[in-house]
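Before any comments, here is the structure.
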Amino acid sequence: RELNYLINDFEIVYNYSGSLWWNTRKNTGENAKYQNTEENVYESFVGFAPVFDDVRENNQRDTIVFDSDKYNLAHRSYTHTDKRFQELPYSRDEIEQINCLFKQEDKNGTVYLDQHATKSNFLQNIKDCKYVHIATHGFSNDKSPELCGLAFYPSETSSGSEIDAGLSNWMNYYNHNVLFSGEMYGLDIEADLLVLSACETGIGKLAKGEGLLAMTRGFLYSGVNNIVFSLWKVNDKYTRDLMVEFYKEILSGHTYSSALRIAKLRLIKDPESSLPKFWSSFLLIGE
């Protein structure tokens, strides 16, 4: 708590290039889509949290496991070894609390939890939303960046038995329930802020002449102005705490960079969450 972190004195933002940074600033100034009006539907928040507790209890849907235990030490990350999704109990609370903050400010908000937080629902309901928030399991691949992705709740069109039914069915399962980075380039999304509240959402392959090939790049290409992402495996509980504080500050009028800084400083002040591993993974591309 007493260390002299850089964030004590500065707001910190990132971008892939000077031209992207300039285009974002120019678009923010010229685009009236998200300007406050009396009844602006674009002031809305949409949040997704598969949570996976029903998947864990349903043997027919037990398909992939994510490492870590069920409660305070749970991480929103991916492992290749077992056979089911790991429950993320605090991700539900995260989405519900943030949505309540928007409701308190008389702003529109919609949440998709558990079996409603499917890949198809995500693709169909992100257009025309200013704030898009995803709290789920994320996984990276620094050798094959196209395999980086976000896990959604298994849809009715897929089942756990597909994993054992051959390669084509295995691929069909993942195509239905995981949003891969290659798909993020063609999304119908123009959010002003996208929050990837999952593990390693900013990790990918560093390509010569191209820069970092990660999930963030695909979303920026699709039209998102600002993205909050993570650099390593993040704790389920403290990620909830950080994100709720982040949105409190946004709704009180702070910029995204200022809101993220204030939220981190609050976690630093708490002895339970002061270690950098609990708060410093999340960064902001944009302003």
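Structural remarks
- Candidates per trypsin sites (Lys or Arg not before Pro) in the range 185-217, loop by DSSP, up to 13 other Cβ within 10 Å: 208
- FRET efficiency for residue 207 and residue 232, using Cβ-Cβ distance with R0 set to 25 Å, rounded to 0.05: 0.75
- Estimated FRET transfer efficiency (residue 265, residue 96; beta-carbon r; R0 25 Å; 0.05): 0.55
- Charge-dipole axis of the range 231-277 as Lys and Arg at +1 and Asp and Glu at -1 on Cβ define it, positive-most pick from 267, 246, 232: 232
- Simple Cβ-charge dipole of the range 196-274, Lys/Arg +1 and Asp/Glu -1, about Cα centre, in debye nearest 20: 160 debye
- Under a 5 Å amide H cut-off, with hydrogens placed 1.01 Å from N, residue 205 pairs with 213 among residues at least 5 apart or on other chains.
- FRET efficiency estimate (nearest 0.05) - Cβ-Cβ, residue 106 to residue 185, R0 41 angstrom: 0.75
- Whole-Hz couplings from phi, Karplus 6.51/-1.76/1.60, listed for the range 278-287; x for Gly and Pro: 8, 10, 8, 5, 8, 10, 10, 9, x, 8
- For the range 196-206, 3J(HN,Hα) per residue [Karplus equation, 6.51 cos²θ - 1.76 cosθ + 1.60, θ = phi - 60°, Hz, x = Gly/Pro]: 9, 8, 8, 7, 6, 6, x, 9, x, 9, 8
- Converting phi to 3J(HN,Hα) with the Karplus coefficients 6.51, -1.76 and 1.60 and the offset θ = phi - 60°, the range 122-135 yields 4, 5, 8, 10, 9, 5, 6, 10, 6, 10, 10, 10, 10, 10 Hz in sequence order, with x at every glycine or proline.
- Taking each of 103/264; 103/233; 208/264; 130/237; 107/269 in turn, the alpha-carbon distance tops 28 angstrom for 103/233; 208/264; 107/269.
- Shape box of the range 199-287 [Cα atoms, principal axes, largest first, Å]: 42, 28, 18
Any read-out appearing in this document is the output of simple, stated calculations on the displayed coordinates, not a laboratory observation. If you're wondering where the values come from, they're calculated on a predicted model, not measured in any experiment. Reconstructed Cβ throughout: ideal geometry from the backbone, glycine too, with neighbour counts over all protein chains shown.
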